[in-house]
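The values are calculated or read from the model by the stated rules, or taken from the named source; none is laboratory data. All of these numbers come straight from a predicted model, not from anything done at the bench. Cβ sites come from the backbone with ideal geometry, for glycine too, and all protein chains shown count toward neighbours. Side chains are part of the model used for accessible areas, which takes the heavy atoms of the whole protein and leaves out ligands, DNA and RNA. Shrake-Rupley method; radii C 1.70, N 1.55, O 1.52, S 1.80 Å.
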Amino acid sequence: MPFSFGSYRRALTRYDSVPAYALLGIIAGISSGAAVIAFEHGIDQLALLWGVDNRGDAYEVLGNLHRFLLPALGGLALGIVFSLLRPEDREVGIVHVISRLHSSYGMLPWRNAVVQFFAGIVALATGQSGGREGPGVHLGSAINSVIGQRLALPNNSLRILIACGSAGGIAAAFNTPLAGVIFAMEVIIAEYTVAGFMPVMLSAVAASALSHRFGGGSAIFDMSSVQLTTLWEIPYIALLGFLSGCAAAMLIRVSTLSASYSHWPVVVRFTLAGVATGALGITVPETLGIGYDTLGSVMYGQIALGALLLIAGAKIFATGITVGFGMPVGLIGPTLLIGACLGGFFGQLGLEIYPTVAFDPTLYVTIGMAAAMGATFGAPLAACLAVIELTQSTSVAMPAMLAIIVANLTNQSVFRQRSAHRSVLSQLRRRLPDDPLNQLLHRTDVNAVIDGSVVVIAEQVKPAVSATLALQVPNWCLVSREGEDLFLVNGKELMAWLEESGRDPEDTAIRNVTESSLRRWTITVVPEQATLRQVLDILKARTVEAVCVYTRGSTGEKSLRGIVTRDRIERFTLDHLNT
C-alpha cells in the first residue's frame, strides 16, 4: 500500500498507534538532537571570544575584574534585549514547556524557541549560573511542536512530540538517553503509558546517537568501581540525603522568592542576577557557568574540604537568583554540582572520621548528585538513572535511591515545597491539572467521540429534502443560512415536526425551521486536530452546547466531519476511567 500522509495523520489520532508514533519519535530525536548540538556549539564558540575554553566552562582562567564584568554586562545586555520583546515572547525553559503543554494543548510558539536559542547561548557563554539541559528541553520540545503544527498533526500527538523532544534534548545535552526518557515522562508530561514510552525511547536513542557522532553532550565519568562497601554506611547516606534535600529546598526557595519579583523591569532583574553572579565569581570562580569542569574535579577529589561547601553555597544562591529572575538557563547542571559538592564534603569528612566505614568519597559524590537532582525536580527515578549513566556504575543504584527518597521527603515534608518548576509555576499562579481525567482528555483526539450522523440543511426545508431525510433519519441536522451555520436540531425531533406540520399530502409548502419550537443547540467550530480537553474548554469559554468538527480536503474545500457534545465526552471518559 503506498504511503499517504492523510492516512498517517489519521493514524496519529489514535494514541495507541505504535508504528505511526515510532516514526514520529525518530524524526523528533534527530531534530531535537540537531538543535541541542547547534546550541552547545554556539556556547563554545562565543565563550572562546573572551578566552574561555573547555567547552565554555573554564572561567577560572579569567582575572577578577573579567569574572565580574562578564556576567554583569551579559545580564545587562540580555535585559536590554528582553525589554524590547513582548512579555509572552520572553518565556523560556522547562517552566514554559510545561505551562504551554497544559494551557495551549502542546502548541509551543517558535518565537520563544528562537529567544531561548540565542539568549541561552549568550547567558551561558557570559558565565551566568545555570545549565544547558533546560534550554535543551525547550529547544527539543519546541522544534517538534512547530513541526507538528506546520503538518497539521492532531494536538494529542503534540504531547508525544514534546515528550520526544524533551527526552532527545536531555539525551543529546547530557549523554543520558534512559534518564532523558524517564525525565520526559516523569517531569514534562507526568504520565506513564506503554504507547507513550516507545516513541520517546526512539527519540532519545536517535538524539544520543547524533550527539555521539558530533561530539555533543557532557562528559561521562567512569566510576564503574564505585560501590557500597558496608551496610554501616546506610545511616551516613541517609544523613547525606537529608542535607541534600535541605540544599535543594534552599535552591527552590531562592528561585521562588526571586520569581516573586517578576513584576520588576526585566532589565533590572537580569542585571541584578548578572551582578550577583559576578560578585560571587570573584571569590568563588566555580560559581560561573555550568560547572562541569568543577564537577570533574570534585569527582576525582581535587577540591579541598572547605571549598566544597563554599562552592555549593555560592552555586545555590547564584543559580536560584538567575533562574528565578527568568534568565534563559536551566537547573540540572548546577543541581548536580551542588549535590556533588555536598557528597564530596561528606565523603572526605567520613574518610577522616570513620575511614573503615566511609571508605570511598567518590561514592558520596555520586549519591549527592542523585539526591540533589531528585529533590529539586521531584524526579527520583530520572535522577537515579542519570547518575548511573553519567558514572557508568550500577552499584550506586541502591544507596542513591535511599538518599533520593530521604531528600525528596525532606523537601516535601519538612520544607513543604514541591519541585522547582512546580513551585515557580505556583508562584506565577498557573494551574497544572494532572489528574487521570485531564490526562485522558489531553491525549484523546476529538475523532474518538465524534458523531458523524449529521446532515446540513437550509433553514427553509423543501418537501424533497423532507423526503430524503425520512429515508434515513440522522442523529443531528445542522441548520445553515447562506453557508453560515446557525444551530443544531435533533434529527428525530425535526422529522416529527415536519411530519406533524405536513399531514396534508397535497401540502407542498416549504417549512422554515427557525419558526419551529424545536430545541436549538448552540454551536461553535473546532479544528479537526483538537483534543477533548480543548473541546471542553471551548464549550465552557463560548457557552455553547455542541461543536462542529470540520476538515479540509486537498483542494482546500471545507467539509463537516461530525458533531461532539459534552454528553458524548462525559460518556467516553466514564467508560475509560472505569475500565
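Which of the residues spanning segment 109-139 are more than 16 Å from residue 323 (Cβ to Cβ) and assigned to a loop (DSSP other than H, G, I, E, B)?
Residue satisfying the conditions is 109 alone.
Right, residue 338: over 23 Å from the mean Cα position of the chain (by Cα) and more than 27 Å from residue 271 (Cα to Cα) or not?
In short, no.
Going by the conditions given, is residue 377 among the aromatic types (Phe, Trp, Tyr), under 17 Å from residue 316 (Cα atoms), at pLDDT 90 or above and buried (at least 22 other Cβ atoms within 10 Å of the Cβ)?
It is true that residue 377 is among the aromatic types (Phe, Trp, Tyr), under 17 Å from residue 316 (Cα atoms), at pLDDT 90 or above and buried (at least 22 other Cβ atoms within 10 Å of the Cβ).
Taking residue 232 as the residue in question, decide whether it is open to solvent by 10 Å² or more (accessible area, probe 1.4 Å), part of a helix (DSSP H, G or I) and aromatic (Phe, Trp, Tyr).
Yes.
Which numbered condition trips up residue 142, out of (1) without any contact (Cβ under 8 Å) to a residue 60 or more places away in the chain; (2) farther than 18 Å from residue 382 by Cβ; (3) outside any helix (DSSP H, G or I)?
Condition not satisfied by residue 142: (3).
Residue-wise test of (1) in contact with a Phe, Trp or Tyr (Cβ under 6 Å, 6 or more places away or on another chain); (2) at pLDDT 90 or above.
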| residue | (1), (2) |
| --- | --- |
| 148 | no, no |
| 154 | no, no |
| 157 | no, no |
| 162 | no, yes |
| 166 | no, yes |
| 170 | yes, yes |
| 176 | no, no |
| 189 | no, no |
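Given the criteria among the β-branched types (Val, Ile, Thr), surrounded by 21 or more Cβ atoms within 10 Å (Cβ to Cβ), under 17 Å from residue 176 (Cα atoms) and out of contact with any strand residue (DSSP E or B) (no Cβ under 8 Å at 6 or more places or on another chain), does residue 387 qualify?
Yes.
Checking residue 155 against (1) farther than 25 Å from residue 335 by Cβ; (2) over 24 Å from the mean Cα position of the chain (by Cα); (3) of a type in the set (S, T, N, Q); (4) crowded, with 18+ Cβ neighbours inside 10 Å, which single condition isn't satisfied?
(2) is the only condition that residue 155 fails.
Specify which of the listed residues (412, 439) is within 18 Å of the chain's Cα centre (by Cα), assigned to a helix (DSSP H, G or I) and surrounded by fewer than 21 Cβ atoms within 10 Å (Cβ to Cβ).
Result of the check over 412, 439: 439.
Within segment 450-485, how many residues are within 42 Å of the chain's Cα centre (by Cα), of a type in the set (S, T, N, Q) and open to solvent by 70 Å² or more (accessible area, probe 1.4 Å)?
1
Scan segment 191-210 residue by residue and report those that are surrounded by fewer than 24 Cβ atoms within 10 Å (Cβ to Cβ), of a type outside the set (Val, Ile, Thr) and either modelled with pLDDT of 85 or more or not in a helix (DSSP H, G or I) (or both).
If the condition is that a residue be surrounded by fewer than 24 Cβ atoms within 10 Å (Cβ to Cβ), of a type outside the set (Val, Ile, Thr) and either modelled with pLDDT of 85 or more or not in a helix (DSSP H, G or I) (or both), then 191, 192, 198, 201, 202, 209, 210 are the ones that fit.
Which ones in segment 256-279 are open to solvent by less than 40 Å² (accessible area, probe 1.4 Å) and either within 26 Å of residue 66 (Cα to Cα) or in contact with a Phe, Trp or Tyr (Cβ under 9 Å, 6 or more places away or on another chain) (or both)?
Correct list: 258, 259, 266, 269, 270, 271, 273, 274, 276, 277, 278.
Residues that are modelled with pLDDT of 85 or more and more than 30 Å from residue 151 (Cα to Cα): does segment 84-94 have at least one?
Looking through segment 84-94, at least one residue is modelled with pLDDT of 85 or more and more than 30 Å from residue 151 (Cα to Cα).
Only residues in segment 517-544 that are within 24 Å of residue 493 (Cβ to Cβ) count as the first member; pair them with residues that are of a type in the set (Asp, Glu), Cβ under 8 angstrom, at least 6 apart or cross-chain, and list the lot.
These pairs meet every condition: 518/493; 519/493; 521/545; 522/545; 523/485; 523/545; 525/485; 539/545.
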